[in-house]
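The values are calculated or read from the model by the stated rules, or taken from the named source; none is laboratory data. The structure presented is a predicted model; accordingly, all values stated were derived computationally and were not measured. Note that we place each Cβ from the backbone using ideal geometry, even for glycine, and neighbour counts take in every protein chain shown.
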Amino acid sequence: MRTWCLLILSLVGLWGAPSNVSAAEVSHRRVFIIPIRQDIEPPLVYIVRRGVKEAMEAKADLIVLDMDTNGGRISTTEEIIKILDNFKGETATYVHDHAFSAGAFIAVDTQKIYMAPQSVIGAAAPIMIAPGGQVQDLPSTYEAKMNSAVRALVRTSAQKNGYNIDVIEAMIDKNKELVIDGETLNKKGEILTLTNTEAEKKYGKPPKPLISSGTVNSMDDLLEELGYAGAQQTVIAPKGLETLASWLNAIGPLLLIIGMIGLYIEFKTPGVILPGAIAALAFVLFFLGGYIAGLSGMEWIIVFVIGLALILSELFLHPGTILPGVIGLILIVIALVMAMVDIYPGTPMLPSLPQLKWPLENLVIALVSSVIIAIILARFLPHTPIYRTLVSQGVSGGTVEKELQQQQAAHIGQIGAAISNLRPGGKARFGEQVIDVITQGEMIAKGQPVRILRYSGAEAVVELAG
């Protein structure tokens, strides 16, 4: 069956294959089609990233952007252009209906542009959207600044792919007059927009199209024109989860803070399920956002879980051994950072400093915020009714607060030994029981005898036993 399919594909491919490429070779080529059929907003970044990474993984020969868009955000456009630049094969854009504003910028980042009959491209001047979706004119100074930034963004793509920079700038700057071969194509004060026939018209010596390589009726006709008739096609279909991913990644630092604080409260109130459950949910959502966005794979979730398991073993099974906790902490940090790093197939697995910049910024924000919140909680939470309720529900499967206080009172005066360095917090063993302790400010070395003076929340306050 497979042989017959390949034979049929080969016969079909003969119609579009260049004379120096056999039908069999065409049938083994891979084409990935990425739809840009919406406004250029953050969710689209994830569709394009997923498409480019799948194309690179499959060693695809061609990526085609199937475009019909009114434009969108410049920041999102810049992200998409950077993503497309990772693909080293052939690239093309098919303007299905129109490619306005940011859509035109992205199209210029591909090597060839083709257009459908009666389609248009251009009108790429920066605009400002007021609340309610109404378009407003930019202030003159801000407009000049934005035009300069946008022109710099697109100029590199235009030069790389051989487009006429004057044509592109006339789509951006209304003060740009475009005159070619003595013909005024765009008057000063107007923004250049081209129909498919205007965009493919040739000027200069030797004659060269303004921006479009030609008009084709369909995607199949485009692939035939490019010599990919009969090639294997993969269409990247939107999953519907890209919007969710954009929200989850936008609140990524907040999810990290919630996760870290949840774990902190869980360690301070052992046996209480709610803080740990909230922390687990926060970390799941954090990794889910990266996974949907095409940033991280399941491997970093596994690394995170292993790191957390090592820390728990240090705290509850082998207190004072230090090494499992240190290794676990390193694994957790690596997992959290790599979950936000954008790595492409065929590129080095070790990220560069520019790739680490955004993940490290997010992690530092989360860590600093978590430490500040933890300090505040350590000072005030033990004296709140919420804390006493959590502790009373979490001890021994629901021991009441009065019983907990009686247990703590029975410990006062007991002498044990520090099983970790108290700086000033740590752990100590009293008989067969290991509990969290804190000194009154002094440092006590591991192995030294300590005496319980009183309790502060769930922690025993100790001193060096003389």
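The set of residues in the stretch 24-80 being out of contact with any Phe, Trp or Tyr (no Cβ under 7 Å at 6 or more places or on another chain), within 24 Å of Asp97 (Cβ to Cβ) and in a loop (DSSP other than H, G, I, E, B) consists of Arg37, Gln38, Asp39, Glu41, Arg73. Scanning the stretch 153-174 for residues that are closer than 16 Å to Ala99 by Cβ and among the small types (Gly, Ala, Ser) yields Ser157, Ala158, Ala170.
Quick one: in the stretch 259-293, which of the residues that are farther than 17 Å from Asn362 by Cα and at pLDDT below 75 is surrounded by the most Cβ atoms within 10 Å (Cβ to Cβ)? So the residue we want is Thr269. Count of the stretch 435-466 residues, restricted to those that are in contact (Cβ under 8 Å) with a residue 24 or more places away in the chain, among the aliphatic types (A, V, I, L, M) and in a loop (DSSP other than H, G, I, E, B), is 3.
Checking each residue in the stretch 109-161 for being in a loop (DSSP other than H, G, I, E, B) and at pLDDT 90 or above picks out Asp109, Thr110, Gln111, Ala116, Pro117, Gln118, Ser119.
Counting the residues of the stretch 1-23 that are in a helix (DSSP H, G or I) and either modelled with pLDDT of 50 or more or of a type in the set (A, V, I, L, M) (or both) gives 7.
Does the stretch 204-242 hold any residues that are of a type in the set (A, V, I, L, M, F, W, C) and in contact with a helix residue (DSSP H, G or I) (Cβ under 7 Å, 6 or more places away or on another chain), and which are they? Scanning the stretch 204-242 gives Leu210, Ile211, Val216, Ala229, Ala231, Ile236, Leu241.
Under the condition of being in contact with a strand residue (DSSP E or B) (Cβ under 8 Å, 6 or more places away or on another chain) and basic (Lys, Arg), which residue from the stretch 56-88 is modelled with the highest pLDDT? Looking at the filtered set, the residue picked out is Lys59. Ala245 satisfies every condition listed in (1) modelled with pLDDT of 90 or more; (2) over 19 Å from Asp68 (Cβ atoms); (3) among the aliphatic types (A, V, I, L, M) except (1). Apart from one condition, Gln405 fits all of (1) at pLDDT 75 or above; (2) part of a helix (DSSP H, G or I); the exception is (1).
Name the one entry in Thr193, Thr184 that is assigned by TED's automatic domain parsing to the domain that holds Ala55, over 30 Å from Leu363 (Cβ atoms), over 36 Å from the mean Cα position of the chain (by Cα) and surrounded by fewer than 21 Cβ atoms within 10 Å (Cβ to Cβ). Only one candidate qualifies: Thr184.
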